[in-house]
Amino acid sequence: HTAYDEASFEEAREAMEELALPEFDGPVLRYVAKSLAIDLKKTSGASLTPAMVNKSIGELLCSFGVVDTAEEALELSGQVSEGLGGAGLHKNDSKDEKEKKKKTEWVVIDKKSKGALQVGMDCMAKYFEDQRWYAATVEALMTSGDIMVSFTEYGNQETVPISWIKLPVHEIRNSGTTTLLTAPVKIQQIKKDEKKSSNMADDGSNRALSKREIRALRQKQKALEAMRRKREAVQRAEREKREEAMRTYLESIRTAKKKGSEVHVHNFSMFTPDGSAQLLESAELKLSPGKRIGLIGRNGIGKTTLLRHISNYEVPGFPTYLRVVHVQQECRGDTRSVLETVIAADVERTMLMQEEKRLTQESKAKERDANSDEKDPSNAADESGRLEEIYERLQEIDAWKAETRAANILSGLGFSPERQQISTKSLSGGWRMRVSLACALFVGPDILLLDEPTNHLDFPAVIWLQKYLLKYTKTLVIVSHDRHFLNHVTTDIVHLHNKSLNYYKGDYDTFDKVRKEQMLAQKRAYEAYEAKRKHMQEFIDKFRFNAKRASLVQSRIKALERMEKIEAVEDESLLRFELPQVVKIEGNMVSLDNADFGYDKRKGLILRDVSVCVHSESRVGILGGNGAGKTTLIKLLLGALEPSNSGRCIRNRSIRIGVFNQHHNDQLDLEMTPLDFLKNKFKKATADQIRSHLSRYGIGSALHEQLIGNLSGGQQSRVAFALVTYPQPHLMVMDEPTNHLDIETIDALVNALNGWNGAVLFVSHDQYFLESVGKDFWGVSEGRVKQFRTFKEAKQFSYSNK
């Protein structure tokens, strides 16, 4: 029986909001908190019990229509009162004690307190896209040490590192004992413990480091910190460059006259953002309207950097009066609706509309002015001329049909009319990326740069985008790993290779054929060159000191010097992935038998009567539209969710499962190097073992000591594959594994999976990858899961209603 003070009720309301129950919204929460305050005032300082809190909340929930039955009211009121007790209602302690508890309300989990985590527990988790904390539920404890959580507000499921989880103080348990920590754990104390542990060896020996080892460790930490600061400086510079680029364009369209849409720049050189390496040397950049160019090249070779240079007008001699839009990241979430965000993306249209409104109002005001005789005719003429220019430009960019065009684009990308009206901050990362793509298509710039546009699209959206881009009459540059998409859209291919830009006519298959022919011809020329050079060198070495042959030797030496050097062929297909072979598991690995599942009974079931199984020979590709239930199906198989009915999920406990997530930041620590990251995950592994394992995935020794955050998207994908495969899983579960990979790396992954003896279960929109790896296909549509032997049949079933 504890008395509570009224001053904590604002905190109580905030605690209720942190619970993020789906049935609640802001007005309901404020109503409940306010009503509770009134009820407590009536008690006139009498003691308040948890039962009274539960009863009061339950009555309010029923009266407000949030719940229908007493059982539902009891369940929800228990959750709400638990949140109030844990974060909102405080005892009438001293101010110092209140302030102390307020500061230590949530604590970041560390290794010692990891034992407190349990499946189904409520927590706070950091979302990788915006690095903010959100209410979540623990779904599964992964074998890699990461935690699978479901974010309460959006319902999306992600895998996060242990350091991205917060629990209330009263939930944290010491991993060495089973007793509850009675004293609040301060974050500052955790940092002190981490500092102490940093002087201990991490090889499992529990020994103190020598002074020499400590100095080396500190030097390494300083180097990493310098790399982090450098990366942050580069990111800040990129943001400033984007802002400056927009100002440059807006100024150019006011002062400069268009001289055409052709771009032809000679002797263009380019370096990495930090200036550490040269990516292009005396290259030639050619862009023409009507061309749909596919820009290809290996991961990390500079494709995205080139697009950024173009969009930021950093290419010397690039015409700044051409509007350039680069789609590379998701839009920022805010309170504006999706439709409003897309319309507002056309900054030029918005500024012209505002200027037109201002000039019109000023003109009307002057007409009403009684002293209109005193107005300057030259100013009036200038204003009239400017208005004509504005109207002509608005007509040119089709400004009057903006809302209709924006709605049509969003509809093609999978946004229903209802979804177009919700705020962008309520969307997941994948849907925000679609908003960014819609913004670019709506603006219709002179040069549109798309960096992996199909990464977050399902098949119907990809097909719609293909048709839309085929009608694009301006310049289009696409970086994509999807060869089917490139074959349907592109008219030309630009190959970024050996610090130069090489131009090819036709689609990707045409380029691939011509490229192979060129490489074969170069290989033959190189072999002939080497044979001739070797023969001449042998003659020189044999008769160098023979006086009778001196003139012949000298002529051979001069001929050798005059020979044009032919470079050896650099075969980009030499990249290899090596997946560790495993001991085969007999029988089924995981299976579902007549399973149903739904997150909310009132909203119905997501999956119905599902019966599928995965065995040691399985190579299963999963197809389905966004929201069809593909992720839910995988969660059921992994044990992160349980069937809603009497259906069964049977799992072989002896198997190891590796899970590859399409979002790298879910699995990787961007502030660590690949070597340190894997060594931290697998304590018993030596540095040489980790280096050898990284090399199996095309991660060279030069990248082992680089921050993961500084690597390209494809290189980060390779680190994620190295992480997932190190424990030698029997079953690989992959969500969009080809995202961010270049075409050569995808080929290497296909070859590795086809030569591996484990089972594979994957979700992908890449038709080439699906047909190359999949032997069986599961189609997910309208709550049903059906098995097929061919990709074509599964695709028809999965998207028949799209």
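The values are calculated or read from the model by the stated rules, or taken from the named source; none is laboratory data. No experiment lies behind these values; they were computed from the predicted model shown. Using ideal geometry, Cβ is built from the backbone for each residue, glycine included, and neighbour counts are taken over all protein chains shown. Quick note on the areas: whole protein, heavy atoms, side chains included, nothing else; ligands and nucleic acids left out. Shrake-Rupley method; radii C 1.70, N 1.55, O 1.52, S 1.80 Å.
Observations on the model:
- Taking the average, over residues, of other Cβ atoms within 10 Å as the packing measure, peptides 679-686, 712-719 rank 712-719, 679-686 from highest down.
- A Förster distance of 30 Å, applied to the separation of the beta-carbon atoms of Gln118 and Ser701, puts the FRET efficiency at 0.15.
- Solvent-accessible area, 1.4 Å probe, carbon plus sulfur percent, for the range 702-802: 43 percent
- Sorting 579-586, 763-770 by average packing, meaning the other beta carbons within 10 Å per residue, from highest down gives 763-770, 579-586.
- Pairs exceeding 32 Å between alpha-carbon atoms, taken from Lys584/Lys630; Lys303/Lys357; Lys303/Lys565; Lys474/Lys499: Lys303/Lys357.
- Out-of-range pairs (alpha-carbon distance over 28 Å; input Lys241/Lys516; Lys291/Lys513; Lys126/Lys681): Lys241/Lys516
- Calculated FRET value between Asn751 and Lys55, using beta carbons and R₀ = 60 Å, to 0.05: 0.40
- Against the criterion of solvent-accessible heavy-atom surface with a 1.4 angstrom probe, Tyr321, Tyr697 sort, most first, into Tyr321, Tyr697.
- When a 1.4 Å probe is rolled over the protein heavy atoms, the share of accessible surface on the range 389-457 that falls to carbon and sulfur comes to 47 percent.
- Spacing of the two label points (7 Å from each Cα toward its C-beta) at His266 and Glu389, in nm: 3.4 nm
- Neighbour-limited loop hits for chymotrypsin sites (Phe, Trp or Tyr not before Pro), the range 239-274 (at most 12 other Cβ within 10 Å; DSSP other than H, G, I, E, B): none
- When Val347, Val263 are compared by accessible area at a 1.4 angstrom probe, the order from most to least is Val347, Val263.
- Given R0 = 41 Å, the distance between the Cβ atoms of Ala237 and Ile214 translates into a calculated FRET efficiency of 0.75.
- Label-point separation, Ala528 to Met351 (7 Å along Cα→Cβ), nm: 5.8 nm
- Among the chymotrypsin sites (Phe, Trp or Tyr not before Pro) in the range 493-556, those located in a DSSP loop and surrounded by at most 14 other Cβ atoms within 10 Å of their own Cβ are Phe545.
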